[in-house]
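The structure appears right after this line, and notes come after that.
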Amino acid sequence: MPTTTSVPWEAALARRLARQSLDRPAPAAGSAGIAATAGAMMGAHAQVLSAAELSLALRLDGATRTDVRSALWADRTLVKTYGPRGTVHLLPAADLPWWTGALSAVPGPAALPEPARMTPQQTDEVVAAVADALTDAELTVDELTEAVVARTGPWAGDPVMPAFRTMWPRWRQALHTAAHRGVLVFGPDRGRKATYTRPNCTPQPAGPALDVLVDHYLHAYGPATTQDFARWLAAPEAWAARLLRQLADRQRIEEVSFASAPAWVAAGDTDFPATPARRCLRLLPYFDAYVVAGRPRERLFPGPARTRALAGGQAGNYPVLLVDGVVAGVWHQRRSGRRILLTAEPLAPLGPRDRRLLEAEAERTATILEGRVELTVGTVTAGPHA
């Protein structure tokens with residue numbers, strides 16, 4: 001019987017840092033390099049778009065937020081859309097066919113109560129209406145509502161979905177579905193309003209697309225357990241277990257021992273560095289993919305980091321100070337013109353070397369954000385992001 005590879009925690013951290021260009025920034029390569037970086041991290045969470053800009057640029061040598069915006073809106077090597085967990089992400093445009101093919105195959109969340117629920121036929125009607133309305137158009141959600149109702153019927157506009165102290169029209173429960181089926185992405189904002197448009201995308205068949213999704217996920221975040229994968233994707237654990245077992249049977253993935261438990265890596269991908277190549281200190285913004293996807297959570301957020309840098313057990317609600325791949329503090333920045341007032345709160349005293357690294361990282365963060373920094377080491381008073 002073959003021997004199971006045992007992967008030390010420090011080795012997994014070192015590989016994750018390297019594969020996401022967090023140990024050292026990758027050479028800048030224009031919009032193509034930004035898109036490749038988004039692919040390597042399995043998308044940049046973009047509910048807070050400025051955080052996504054920082055997430056991507058900090059992984060590239062010399063990149064700024066303007067470069068990320070150009071990749072998204074001018075060069076279109078990135079797309080802004082609903083990605084894993086139904087949350088807004090920046091994804092490589094070239095990867096959209098397999099992303100949509102995979103995400104549209106993931107079982108959705110529990111249906112809304114009967115009075116608000118749409119039938120599968122109604123969902124298909126709404127997706128077709130969205131596709132038609134957004135072809136060669138950029139529409140706000142209100143404009144899209146009018147277009148969908150005109151193409152389907154008054155039922156699609158019934159205000160039955162509780163949301164943010166108001167009620168949304170029935171059709172909006174299919175918004176993520178439309179994105180996952182490849183007929184909707186975000187367009188440029190129109191003033192303060194988001195717009196949507198239709199991408200040039202034909203989703204891949206589900207089987208090959210899920211193969212690619214798992215390969216990329218394990219390359220970035222492996223070793224990972226079935227539970228890790230299911231949580232990252234917001235998929236039912238039983239469905240994730242069947243998928244991964246099928247991939248194991250086809251010898252696309254293999255089992256290793258990690259954190260005293262069985263975990264998965266891509267087949268043959270069992271080379272791990274012994275330790276990080278050098279001391280690594282980073283300031284990661286809200287919802288950075290590294291902390292959202294990284295597990296085991298108790299090892300990534302050890303000791304006081306568990307209570308200080310998590311919000312109800314959820315990662316990403318605080319920007320974090322990362323030292324050698326482990327959360328070691330929180331930080332916050334407030335902008336006034338070009339001045340960036342950055343407060344960093346380490347959870348243990350910093351030695352002289354780490355203080356110098358923090359100062360350099362704060363300067364680099366300000367350069368990415370196209371401002372000038374004033375660094376304070378002290379208590380962060382801002383609460384978690386919702």
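Numerical summary
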| quantity | calculated |
| --- | --- |
| Extension reserve of the Ala32-Gln314 stretch, reckoned as 0.36 nm per residue once the Cα distance is removed | 98.3 nm |
| Enclosed volume per residue, in Å³, of the convex hull spanned by Cα atoms of the stretch 119-160 | 61 Å³ |
| Cα-centre dipole for the chain with unit charges at Cβ (Lys and Arg positive, Asp and Glu negative), debye to 20 | 920 debye |
| Computed label-point distance, nm, for sites Arg355 and Ala259 using a 7 Å Cα→Cβ extension | 3.4 nm |
| For the chain, Kirkwood radius (reciprocal of mean inverse C-alpha pair distance, Å) | 22.0 Å |
| Size of the stretch 281-377 as Cα extents on the principal axes (Å, biggest first) | 37, 27, 17 |
| Cα coordinate range in the stretch 187-239, projected on the principal axes (Å, largest first) | 43, 25, 22 |
| Tilt relative to the chain, helix 352-368 - C-alpha long axis, 0 to 90 degrees, to 10 | 30 degrees |
| The stretch 228-312: Rg to Rh, with Rh as the Kirkwood radius over Cα pairs | 1.01 |
| Share of alpha-carbon pairs per 10 Å distance bin for the stretch 25-127, given as whole % | 15, 42, 23, 14, 6, 0 |
| Dimensions in Å of the stretch 115-185 - Rg and Dmax from alpha carbons | 11.2, 34 |
| Residue exposure sequence - Tyr217, Tyr196 - by fewest surrounding Cβ within 10 Å | Tyr217, Tyr196 |
| Whole-Å distance, taken between Cα centres, linking the stretch 270-305 and the stretch 172-193 | 31 Å |
| Computed label-point distance, nm, for sites Ala116 and Met167 using a 7 Å Cα→Cβ extension | 1.0 nm |
| Unit Cα scatterers, Debye sum, the stretch 167-317: log10 I(q)/I(0) for q = 0.12 Å⁻¹ | -0.72 |
| Set of the stretch 280-296 residues, backbone N closer than 20 Å to the point 7 Å along the Cα-Cβ line of Ala382 | 282-292 |
| Calculated [θ] (222 nm, deg cm²/dmol) that DSSP helices of n ≥ 4 give over the chain, each run adding -39,500 (n - 2.57) | -11000 deg cm²/dmol |
| Cα long-axis angle, helix 9-19 against the chain (0 to 90 degrees, to the nearest 10) | 60 degrees |
| Distance histogram for the stretch 115-235 (every C-alpha pair counted, 10 angstrom bins, percent rounded to whole numbers) | 12, 35, 30, 20, 3 |
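None of the figures in this text is laboratory data; all of them are computed from the coordinates on show. Note that the structure is predicted; figures quoted are calculated from it, not measured. When we count neighbours, we look across all protein chains shown, and the Cβ atoms used for this are built from the backbone with ideal geometry, even at glycine.
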